[in-house]
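Q: Below are the structure tokens for one structure; questions will follow.
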Amino acid sequence: MPSSATAAGAGTAVMDHELLELVSALVCILHQGNVVFINQAGVKVLGLGSQLDALGTAFVEFVETDYRFLVEAGWELLAEEEFLPLKLMRRDGTMFEAEIRVRLIPGPEESFLLEARDISKFVRSAEALREREERLQGVLASVAEGIITVDERGVIESSNPAAERMFGHGKGKLVGQHIGQLMGAERREQHQELFNQYLAGSAKLMGRSVESLGFRADGGSFPLEISVSELRHGKGRLFTGILRDISERKENEERIKRLAHHDTLTGLPNRNLLNDRISHALARVRRHGGRMAVLYVDLDKFKPINDTLGHEAGDAVLREVAQRLDHCVRSSDTVSRVGGDEFVVVVEEIGRPGEAAQVARKILEALGTPIAYENHACQVGASIGIAVFPDDGNTMEEVSKAADVAMYRVKHSGRNGYCFYSDSMPVEDLDLAEVPAGG
């Protein structure tokens, strides 16, 4: 009969095996590298027919070839590791990702307990997550808009390459900076106040675009559009900012605005802007008193230049005339091109009509010098009609019409001169001493 100690040992081994059968992962006992026990979960994991298929088999045969060097180094070395990832091979040759744990079984003979878990799903999920992150990083790196995340203190936690380029910072240099550092001092305080109000629940900041100024690392500024969204994580909040450099858009808007109000050839105000300037000038005169003058300037001898030298020559002459007229007036006055060779000059805040006459004489003198174009001396003159508000009209239409009528008087009486609407004939030059300086 077996001794009581032997019977107790056998009972303990049976009970241990029964406990190992309850484990859902692959569990086997190895002696000299061979399987001496494997649970039913292990049979299923390895695709075996029964436990007998594994008994006596070197476990290394279930390890994918490229990973066998780990096992061949010795089970005692693997027992020193907490967990070890490797690939195992089923009976049908298919591979799966596994995580094994090896422990030395105390006893007179060196045996090891091996536990293996199929982590294929986790690996695939991790790879899918990594691929998604890589795709996301690729998208963030390729978008033109700058994208930053900011914590509740206003400190930047992340930024994409577009944001770094936008503000002229190196890779990763925006992280850790306060968002206010990317704005000018004045707007920085305004932004911080708005941000504090939002955190206190008294301001709307999310879901709308706000225009501001951004400041680059070199100190240069640019127009910026910001839209912010909020992301809550636990008890904290993160804010994602979409940043757009709108310099090009602003330039286009300014270009369109300029095209709508300025002559494309000379750059002078066109009729639309002229009417607006006259309207405002009239309002100021009505409010503060005084006079203003409107001069209609029609070029003489311009048509022959176009006919003999071509339209390019005519355009060059018109551009030069525009510059000369602009030099004849003050910065508060307006020179406008309203037609082919027709210009209008608005002289504001004059004390007496003689000041408008002085401007007319300056124009005639300025145009007295020929305009050079490709070795040709282009000579033009001007017929100038002058109307004064409120002497010659009470409205913009009346004053403008009066100046036009006066200009035609000059045309019909010899050209290259000026005439007030109130005069029936072109006036003679007034004594410059009668005209206040600076008119």
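The values are calculated or read from the model by the stated rules, or taken from the named source; none is laboratory data. All values reported here derive from a predicted model rather than from experimental measurement. No Cβ is skipped: glycine too gets one built from the backbone with ideal geometry, and neighbour counts run over all protein chains shown. Remember, those area values only see protein heavy atoms, side chains included, never the ligands or the DNA or RNA. Shrake-Rupley method; radii C 1.70, N 1.55, O 1.52, S 1.80 Å.
Q: Looking at A313, A260, A283, which is the one that is part of a helix (DSSP H, G or I), among the small types (G, A, S) and under 40 Å from the mean Cα position of the chain (by Cα)?
A: A260
Q: Spot the failing condition for A54; the list is (1) touching a residue at least 24 places away in the same chain (Cβ under 8 Å); (2) closer than 16 Å to D118 by Cα, and only one is missed.
A: Failing condition for A54: (2).
Q: Tell me which residues, restricted to region 25-60, are more than 24 Å from G93 (Cβ to Cβ) and open to solvent by 70 Å² or more (accessible area, probe 1.4 Å).
A: Within region 25-60, Q32, V36 qualify.
Q: What are the pairs, 6+ residues apart or on separate chains, where a residue within region 290-313 that is of a type in the set (D, E) has its Cβ under 7 Å from a residue that is part of a strand (DSSP E or B)?
A: D298/E342; D298/A382; D298/S383; D300/G381; D300/A382; D300/S383
For every residue, the table says whether it meets (1) in a strand (DSSP E or B); (2) more than 27 Å from P161 (Cβ to Cβ); (3) open to solvent by 30 Å² or more (accessible area, probe 1.4 Å).
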| position | (1), (2), (3) |
| --- | --- |
| P223 | yes, no, yes |
| L231 | yes, no, yes |
| R249 | no, no, yes |
| R255 | no, yes, yes |
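Q: Follow-up. It is to be established whether one or more residues within region 347-362 are open to solvent by 40 Å² or more (accessible area, probe 1.4 Å) and at pLDDT 90 or above.
A: yes
Q: Given the residues T369, T308, which is the only one that is part of a helix (DSSP H, G or I), of a type in the set (V, I, T) and either touching a strand residue (DSSP E or B) at 6+ places or on another chain (Cβ under 6 Å) or farther than 17 Å from A406 by Cβ (or both)?
A: Every option except T308 fails the conditions.
Q: Go through region 58-96 and give me each residue that's among the β-branched types (V, I, T), modelled with pLDDT under 90 and farther than 17 Å from V35 by Cβ.
A: Passing the criteria: only T65.
Q: Moving on. Quick check on region 166-195: of everything there that is in a loop (DSSP other than H, G, I, E, B) and at pLDDT below 85, which residue is farthest from A217 (Cα to Cα)?
A: Within region 166-195, the match that is farthest from A217 (Cα to Cα) is G172.
Q: Looking only at residues that are open to solvent by less than 10 Å² (accessible area, probe 1.4 Å) and β-branched (V, I, T) in region 145-160, which one is modelled with the lowest pLDDT?
A: Only one residue tops the list, namely I148.
Q: Exactly one of these conditions fails for V294: (1) touching a Ser or Thr at 6+ places or on another chain (Cβ under 7 Å); (2) among the aliphatic types (A, V, I, L, M); (3) exposed (fewer than 12 other Cβ atoms within 10 Å of the Cβ). Give me its number.
A: All conditions pass for V294, except number (3).
Q: What about A163, is it within 19 Å of F222 (Cα to Cα) and either at pLDDT below 70 or open to solvent by 40 Å² or more (accessible area, probe 1.4 Å) (or both)?
A: no
Q: Kindly list the number of the only condition in (1) over 17 Å from the mean Cα position of the chain (by Cα); (2) at pLDDT 80 or above; (3) among the aliphatic types (A, V, I, L, M) that fails for L243.
A: So the condition that L243 fails would be (1).
Q: Still on this structure, I have one more. Which residue pairs have Cβ atoms under 8 Å apart, sit 6 or more places apart or on different chains, and have a first residue in region 251-268 that is touching a residue at least 40 places away in the same chain (Cβ under 8 Å) and under 25 Å from R324 (Cα atoms) and a second that is of a type in the set (D, E) and part of a helix (DSSP H, G or I)?
A: Between residues of region 251-268 that are touching a residue at least 40 places away in the same chain (Cβ under 8 Å) and under 25 Å from R324 (Cα atoms) and residues that are of a type in the set (D, E) and part of a helix (DSSP H, G or I), the close pairs are L265/D315; L268/D326.
Q: All but one of (1) outside any loop (DSSP other than H, G, I, E, B); (2) open to solvent by 10 Å² or more (accessible area, probe 1.4 Å); (3) without any contact (Cβ under 8 Å) to a residue 24 or more places away in the chain hold for L86, so report the exception by its number.
A: It fails just one condition, (2).
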